[in-house]
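Note sheet for the following structure.
The values are calculated or read from the model by the stated rules, or taken from the named source; none is laboratory data. Because the structure is a prediction, the values reported are computed rather than measured. Note: accessible area is taken over every heavy atom of the protein model, side chains too, but ligands, DNA and RNA are not part of it. Shrake-Rupley method; radii C 1.70, N 1.55, O 1.52, S 1.80 Å.
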Amino acid sequence: FRGGAEFLFDGVKKHQVTLPCQPEPWDVRNLLKWIKQNMLKERPELFMQGESVRPGILVLINDADWELMGELDYKLQDQDNVVFISTLHGG
């Protein structure tokens, strides 16, 4: 979590996560639900909008824009690195 998004997660920028086993492969859609339920500490409306991240949150999967990877439908692989960067700033 970068760009201020880490403040919604107790100020912690880096998390090593092991997702629970489930019958279907994990995709980013399910990852976001899991993050909201298990990691997000405050103000979910600043991170999530519906089932996705809100506009202004850049998502990178292994250093590539998630739009190139299939966004919510991307199937997560072991050791994937997912980064959320807030581009929203007050003023």
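The table below gives the values:
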| quantity | calculated |
| --- | --- |
| Ranking by accessible area, most exposed first, for Ile85, Ile61 with a 1.4 Å probe | Ile85, Ile61 |
| The chain: angle of helix 28-38 to the longest principal axis, Cα-based, in degrees nearest 10 | 60 degrees |
| Set of aspartates and glutamates near Lys41 by C-alpha distance (under 14 Å), chain-local residues within fewer than 8 positions excluded | Glu6, Asp10 |
| Solvent-accessible heavy-atom area per residue, rounded to whole Å², over the chain at 1.4 Å | 66 Å² |
| Cα-Cα pairs of the chain separated by more than 17 Å (percent) | 47 percent |
| Solvent-accessible surface (1.4 angstrom probe) belonging to Leu31, in square angstrom, nearest 10 | 20 Å² |
| Principal axis dimensions, segment 33-74 - Cα atoms, whole angstrom, descending | 29, 19, 17 |
| Rg to Rh, two decimals, where segment 1-45 supplies the alpha carbon set and Rh follows Kirkwood | 1.00 |
| Contour excess over end-to-end distance, with Cα ends at Thr18 and Trp34 and 0.36 nm allotted per residue | 4.6 nm |
